[in-house]
Amino acid sequence: SYTLSPSEHFSLEVKSKDENKVSVLLVLTKSLDRETLPVHRLVLTASDGGRPSLTGTMELVISVLDANDNAPQFNQSVYKVQLPENTAPGTVFFRLNATDKDEGSNGEIYYTFSDTISSKVQDLFIIDSKSGEIRTNGELDFEDIQSYDLEIEARDQGTPPLSGHCSVELEVLDVNDNAPEVWVTSLSVPVAEDASVGTVVALLSVSDRDSGANGRVRCWVWPASPFGLEATFAGSYSLVLREALDRERVSEYEVEVRAEDGGAPPLRASRGVRVPVSDVNDNAPAFAQAVYTVLARENNAAGAELARLWARDPDEAGNGRVSYSVWEGGVGGGAAGSSSASLSGAAAGGWRPASSYVSFEVRAVDAGEPPLCGNATVQLFVLDENDNAPALLLPAAGSAAEAGAAAAEASSGPGSGTLWAWAAWGAPAGQVVAKIRAVDADSGYNAWLRYELWEPRGKGPFRVGLYSGEVSTARPLEEADGPRQRLLIVVRDHGEPARSATATLSVSLLEAAEAALAAAAGSASSSRSAVGAEMGAGAASAATNVWLVVAICAVSSLFLLAVVLYGASRWAPRAAVLSGPGPTTLVCASEVGSWSYSQRHSRSLCVADGAGKSDLMVFSPNFPPPPPGAAAKDTQPEPSALLDT
C-alpha cells in the first residue's frame, strides 16, 4: 500500500492491473501558486502486508514553475506631487515603483506614459522606462497650468504581457516670478490749472499674474503731490487731483504710478503718466517796480523814447500777451503784444500839458478772458540842459546892498546893455557902487552865475563880486581916476558849454553932494515908474500895495524937499543949512549950482511871483567933515569940478 504525506495540492491515485503490477499516480488536486509556495516537499511511503509490516519511503520535491499570472502593481493608485514653477528642466521630481510577483521576464517591468496623455505634456516630462524616474523636460508656469495628471502604465515582459496603472497628480506651486502690471485705461489731459481738488485725471488697471500673497498688489503715486490714487474696485484705481495746481510754477507733471506685490522678495512695476497743465488767466501783469523814476533831458525831440517799461505776465499765449497804455488820458499810446512799453514824449501842443507828465500811471493789460491788468507809477524828472544864457535885470529899488549907489538903468533904450551909476570921489575901498543883477532860466550848475570884470583889466578902481555881482570900489576914488569909468562885466553860468551875457556899466564920479542929489532924483523917477507898473500889474497883494504907497510918499517928500532946497538956494543968496542924520553940512546954492539927478526912468523888474517891482537905489551924501577953524566956504567942492561932471 502507498501513502502520501498530507498536501492540499497533491494526492495519490493507485491503480492495480494485477497483483503483481500496481501503478501509483501523483495527482494535482489544487492549482499551484508559485508566488505562494514555489516548492512542495512530499513523502511517499510504501508498506508491505507482512507482520510486522515493512515500509519504504521516498521524498518527492516538486518545484512550481512560474507562469505570467501576476500583473505589475503600484502600492498606490494615485500619487500627489508638488513642484515649484521655477523648477529647472531635467529635475527628477518622482520615482515610480511597481512590483510583479512573477519572476524572470514575467516580472520584468517597463514604465510608460499612458496613451491618454497629450503629446504636449509628454514633451514637458520624461519618464525613465526602467527606473521609473519622472523628470521635467521644460519650464513650468503656474500662470499657464496649475496642475498636471500624469497617467502611468507599468507592463511586464511576460506572454502575454500584463500591465498595471497609476496616476501621478502634479501640482505646480506658484513662486513670485511675475511683477505687477500697470495699465492706463483712460487719460483726461491737459488739466486746467484751476481744476478742483478731486478731479479724476486718469483711470488705471493693476494686476499680478501670481497668486496669493505674490499676487496682492499695493499702489502709490510718486511724487506724492499734487496727485493721488483712489481704489475704485479690485485692480482698478483713479488718479485724482489732491492739491491746487499752478501752471506758472509747474507747467507739466511726470507722474509715476508704482505697484509692489507681496512676494518675498517683492517685485515692483511702474507706469509713467505725463500730465500737462493748461493755462487760465489767473495772473495779472506785474511790473518789476511799483514806482519808476525816469530822468529825461529837456529839449528832446517829439517821439523820443523816455524810458522802457516791462510788465511780466507768467500766463501763456493770449493770457500772457500784454498791451500797455498810459492810464489817465491815454498819453503816449499803447504797445499791444510787445514785451515792453516804450514811453515817448508827445509832440508840441499834444493832448495834455507838460506839467501833467511829472507823474502818471502806466497800465499793462493782458489779452485773457476776462482781462487782468497791473499798474505802475512813472515819476518823470526833466534834467536841465544849459540852453538859456544869463539875462540881465534892471536894479530893484530898496536893496540894502545898493544903498549909496545910483540907480543903474539902460542908457539908450531897452536892450542896449549899458547901465549908469554914480560914485563920490573919496569913497573908501569896499563901498558898493552898483549891483549887476542877472537870472538864468536853467537850474543847478547851469543857473549858478559868476560875475567877472572883463574891462578894464589890471588894477582898476572897481571890482565885481564873483557871485554877488556887486560893483564896489577896490580902493579910495581919486580925481585922477577921471570923471567917468566904463566897466565891461561878463556874467557866465557854470554849464557845459558855459553861456554868458555882457553888461556895460558907466560909473560917473561926482562930488559927494551931487552924488546924493542924483541918487535922490533917480530914486524918485524909479518910484514913479514903479507906481505905474504896480497899477498896471494888478496882481500884487494888498500888503505890498500898502508898503508901496508908504514908499512913494516918502520918496515924493524927499523930492519936494529937494525942490524947495533948490529954489531956496537959487533965489536966496545966503547960506542954507541941510539938517540930517550926522554932522551938519553947509550947502551954498550960488557956488554949487544945483543937485543933479538922473532924468532916466527906472525899469520894472518882474520877479517870480509876477508882481512888478522897482529897484530904488539911494546914495547918501558923503562929504568929508570941515577941518577945525576953516570957513564954510572952504569946505565946499570947487564949482568947476561939479560943472564938469
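The values are calculated or read from the model by the stated rules, or taken from the named source; none is laboratory data. Remember, predicted model here, so these are calculated numbers, not experimental data. Backbone-built Cβ (ideal geometry, glycine too); neighbour counts: all protein chains shown. When the accessible area is computed, the model is the full protein with side chains, heavy atoms only, and any ligands, DNA or RNA have been set aside. Shrake-Rupley method; radii C 1.70, N 1.55, O 1.52, S 1.80 Å.
Model label points for Trp547 and Gln76, set 7 angstrom from Cα along the Cα-to-Cβ axis, are 13.4 nm apart.
When +1 charges are put on Lys and Arg Cβ atoms and -1 charges on Asp and Glu Cβ atoms, the dipole computed for region 9-107 relative to its Cα centre reaches about 180 debye.
Counting charges near Ser77 (Lys, Arg +1; Asp, Glu -1) among other residues having Cβ under 13 Å from its Cβ returns a value of -3. Look at the Cα gyration tensor of region 73-173: its axes a ≥ b ≥ c give a/c of at least 1.5 with a/b over b/c, and that counts as prolate.
Cross-link reach is defined here as a Cα-Cα straight distance under 26 Å, omitting same-chain residues fewer than 8 places apart; for Lys459 the lysines meeting it are Lys435.
For the pair Val358 and Lys130, the difference between a 0.36 nm per residue extended length and the Cα-Cα distance amounts to 70.7 nm.
A DSSP coil position with no more than 14 other Cβ atoms inside 10 Å describes none of the chymotrypsin sites (Phe, Trp or Tyr not before Pro) in region 1-99. A dipole drawn for region 115-175 from +1 and -1 charges on Cβ atoms has a positive end, and of Phe142, Ser119, Val175 the residue lying farthest that way is Ser119. With the simple spin-label model, which puts each label point 7 Å out from Cα in the Cβ direction, the Lys459 to Thr29 separation comes to 19.2 nm. Stretching the chain fully between Asp246 and Asp141 yields a gain of 32.9 nm (0.36 nm per residue, less the alpha carbon separation).
With a Förster radius of 35 Å applied to the C-beta separation of Ala286 and Val197, the computed FRET efficiency comes to 0.85. Taking the average, over residues, of other Cβ atoms within 10 Å as the packing measure, peptides 80-91, 247-258 rank 247-258, 80-91 from highest down. Here the dipole of region 73-173 is about 280 debye; that uses its Cα centre as origin and unit charges on the Cβ of Lys and Arg (positive) and Asp and Glu (negative). Here the calculated FRET efficiency for Ser278 and Glu181, from their Cβ-Cβ distance with R0 = 25 Å, stands at 0.25, rounded to the nearest 0.05. Over all other residues within a Cβ to Cβ distance under 9 Å of Ser147, the charged ones net out to -3, with Lys and Arg as +1 and Asp and Glu as -1. Here the spin labels are modelled as points 7 Å beyond Cα on the Cα-Cβ line, and at Glu298 and Ser119 they lie 11.1 nm apart.
Note on Ser5 and Asp69: with the Förster distance fixed at 30 Å, the Cβ-Cβ geometry gives a FRET efficiency of about 0.65. The packing ranking, built from the mean of other Cβ atoms within 10 Å per residue, places the peptides 431-438, 224-231, 320-327 in the order 431-438, 320-327, 224-231, highest first. Between Glu478 and Leu393, the contour length at 0.36 nm per residue exceeds the alpha carbon distance by 27.6 nm.
For region 549-572 versus region 56-97, the inter-centroid distance based on Cα atoms is 171 Å. Return, ordered by residue number, the residues of region 284-299 whose backbone nitrogen is under 14 Å from a label point located 7 Å along Cα→Cβ of Cys373. Correct set: 284-286.
Kirkwood hydrodynamic radius of region 181-278, from the reciprocal of the average inverse Cα-Cα distance over all distinct pairs: 13.9 Å. For region 270-327, carbon and sulfur atoms together expose 46% of the accessible surface, with a 1.4 angstrom probe and every protein chain in place. Straight Cα distances below 28 angstrom link Lys80 to the lysines Lys101, Lys120, Lys130, with same-chain residues fewer than 8 positions distant left out. Of the peptides 439-450, 40-51, the ranking by mean beta-carbon count within 10 Å, highest at the top, reads 439-450, 40-51. Reachable aspartates and glutamates from Lys21, Cα under 17 Å, same-chain residues fewer than 8 places away excluded? Those aspartates and glutamates meeting the cut-off are Glu13, Asp48. Local charge for Leu204 was computed over the other residues whose Cβ lies under 15 Å away, with Lys and Arg +1 and Asp and Glu -1, and equals -1.
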